[in-house]
Amino acid sequence: MGVVNRAQAKRMRSGGPDLISRLPDEILGSIISLLPTEQGARTQILSSRWRPLWRSAPLNLEPYGLASGINEDVVSRILTEHRGGARRFKAPPHILHGDPATLDRWLRSPVLNDLQELRLYFPPFALPMRTIPQSAMRVSSTLRIAHFSCCQFAVDAAHRLHFPNLQLLSLLSVSISDDCLHAVLASCLALDKFQLVYCYYISPKPLMPPSTLRFSSTLRVARFGHCQFPDAAALKVHFPNLQYLELRMVTVSERSLHAMLSSCPALNNLILTANFGFRKFMINSLKLKRVEMCFGRSDTEIELEELIVVNAPCLEILDQRGPYVANMHISIVSAPKLKILARLNDNTSRLELGTTVFEGRHAVRVATTMRSVKVLALKLHNLSLHMTINFMKCFPCLEKLYIKVTILLGCAVIFVVLKLGLIFFYDFYLLQTRISTENVELHNSLDRNECLDFHLKKLRIRHYSGKRSHLAFARFFVLNASVLESLVLIIDPEMEESDSWIEKQRRKLQLEKRASIGCEIKFSSVGDSSYHSDIQDLSEPFE
């Protein structure tokens, strides 16, 4: 098109010639095909030049929900009238809730002959589960992306599939036999990303077929969910190029888990969510950069009790969330590049950071300094200044500190009792708070440390109540954090509506004496209290 000079740019700003419309049809068609369906169709109203383009452009048929106004009749009309091919066909549940024959008719449309991306999201919890129609198999040879959700595969149809160009295969909340799965995967010659999550309401959890874990040397991204990993299969895993692995609601033995991870030499992202079957988890990897672990509680399954980072020279993010059991033992032996550490809690029986040792809330020995850590997230039953200061000594270059105060059931019961006006419990609560406050105030005389003087810039406290112990904790940082830029206190919405309560809190915090003149103090019920905003964003790999 050439370079736009100043005169042309001036005419454009003042309603001059439409230079975009001068582009060739092929380029304009490509632009339109990248837009959502309803927005692509609206380009017809721009001018007579644009009117025929959408009907001949590569189709991106992707209705975004009921609000888009695209129903079954609209989809049928588009597929009938469209003169160009199609790149993407995405059908969400509100489109696929009707007659199965309608979907079969759509998939047989000549418009979809060279389809590259097919996403079928069937209505969840529908019984019996919908079966992938036979017509979906006819476009399998051209597909690069295939996503099937809340459905089942027929054995005869699966054996006719052929995915020579498929790079992403997502089977989410599906019912599929071992033979079907083996046939599907055997036809994938260039698979890069694979997701297999079985139906959540199937009990017991299905066994992961051995062929699933050994099928592809090309795989870089994998997610498995709601299944059991038999030792015989897990011990033979070999994913030489796998970089991202996520396990959701998987039961796997300690031996199998470690064997599987050792067979992934290129792994740099590991996500473990609500998995069971192992008491000890050891991180011993030369490439891992990010580990996220979120565990629940179970009365029947074996739960995690010990987490040990043995040798992780590239590890930058360690996010460990539960189970918050009293016998949990966490040890970080070697992680020289660790930047973000979350979410440590005061219920852990033993925490070892190099040669620094915490037993419960008490620091037995503070010897190691981990200067690489910049972000720390804590989950505390009570705001302990002594414990927090010891952490700052261990992480002297800490820049951001996130604290979530746990709301215990017992506290909720006491609150209800207070509402009923039982003075005995109210006096007991005040006594306990006063004792805690007096202990906290003792720390005001502590020597200053490097973190407070030179590094700590952001502090977030979630479930701040304004009681004396909370107030004393926050005031310590107001008066002593020399470079603090932002203090956000996340409070109950009812408190946020009380201007007098907030003004009283601000006076008690002694803001006129703050160590950092430029520090912004904010009370909010919806503040950015989560450390997740500081964790490098990983886009959903299967979208």
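Express the carbon and sulfur contribution to the solvent-accessible surface of the stretch 462-522 as a percent, rounded to the nearest whole number, probe 1.4 angstrom.
Ligands and nucleic acids excluded, carbon and sulfur reach 44 percent.
Could you let me know the centre-to-centre spacing of the stretch 72-113 and the stretch 303-364, using Cα atoms, in angstrom?
Using only Cα atoms to place each centre, the spacing works out to 52 Å.
Check cross-link reach from LYS193 to the lysines: straight Cα distance under 29 Å, and skip same-chain residues fewer than eight apart.
LYS90, LYS205, LYS236, LYS280, LYS287, LYS289, LYS337, LYS339
For the stretch 131-197, report the accessible area per residue in Å² (1.4 Å probe, heavy atoms, rounded to an integer).
Spelled out: the 1.4 Å probe surface of the stretch 131-197, per residue, equals 34 Å².
How much accessible area does GLU494 have with a 1.4 Å probe, in Å² rounded to the nearest 10?
Spelled out: GLU494, probe radius 1.4 Å, area about 140 Å².
Leaving ligands, DNA and RNA out of it, rank TYR244, TYR201 by accessible area with a 1.4 Å probe, largest first.
The ordering from most to least exposed comes out as TYR201, TYR244.
If packing is taken as the mean number of other Cβ atoms within 10 Å per residue, what is the order of 262-270, 481-489, highest first?
Top of the packing list down: 481-489, 262-270.
Leaving out ligands and nucleic acids, note down the accessible area per residue over the stretch 318-404 with a 1.4 angstrom probe, in whole Å².
34
Let me cross-check PHE239: its accessible surface, 1.4 Å probe, with only protein heavy atoms counted, in Å² to the nearest 10?
Estimated to the nearest 10 Å², PHE239 gives 0 Å².
Limiting things to C-alpha atoms, what are the Rg and the maximum Cα-Cα separation (Dmax) for the stretch 196-349, in angstroms?
Considering the stretch 196-349 through its Cα atoms, Rg and Dmax are 15.0, 44 Å.
Which percent of the accessible area of the stretch 171-219 is formed by carbon and sulfur heavy atoms (probe 1.4 angstrom)?
After summing per-atom areas, the C and S share lands at 58 percent.
For THR251, THR388, give the ranking by accessible area with the largest first, probe 1.4 Å.
From most exposed to least exposed: THR251, THR388.
Using θ = phi - 60° and the Karplus form 6.51 cos²θ - 1.76 cosθ + 1.60, what ³J(HN,Hα) does each residue of the stretch 238-253 get, whole Hz, x for Gly and Pro?
My calculation for the stretch 238-253 gives 8, 10, x, 10, 5, 10, 10, 10, 10, 10, 10, 6, 9, 9, 8, 6 Hz in order.
I'd like the Karplus ³J(HN,Hα) series for the stretch 176-188: coefficients 6.51, -1.76, 1.60, θ = phi - 60°, whole numbers in Hz, and an x wherever there's a Gly or Pro.
After applying 6.51 cos²θ - 1.76 cosθ + 1.60, I find 8, 6, 4, 5, 4, 4, 4, 5, 4, 5, 5, 8, 8 Hz.
Which far-off residues, 5 or more places away or on another chain, put their amide H under 5 Å from the one on ARG119, with H placed in the peptide plane?
When sequence neighbours closer than 5 places are left aside, the close amide H contacts are PHE89, LYS90, ALA91, HIS147.
Probe radius 1.4 Å, ligands and nucleic acids ignored: give me the carbon and sulfur share of the accessible area of the stretch 285-405 as a rounded percent.
That share works out to 49 percent.
Per residue, what accessible area does the stretch 213-277 have, given a 1.4 Å probe and all protein chains present, in Å²?
Spelled out: the 1.4 Å probe surface of the stretch 213-277, per residue, equals 34 Å².
The values are calculated or read from the model by the stated rules, or taken from the named source; none is laboratory data. Everything numeric in this text was worked out from a predicted model, so none of it was measured. Neighbour counts run over all protein chains shown; Cβ positions are idealised from the backbone, glycine included. Keep in mind that these areas ignore ligands, DNA and RNA; they rest on the heavy atoms of the full protein, side chains included. Shrake-Rupley method; radii C 1.70, N 1.55, O 1.52, S 1.80 Å.
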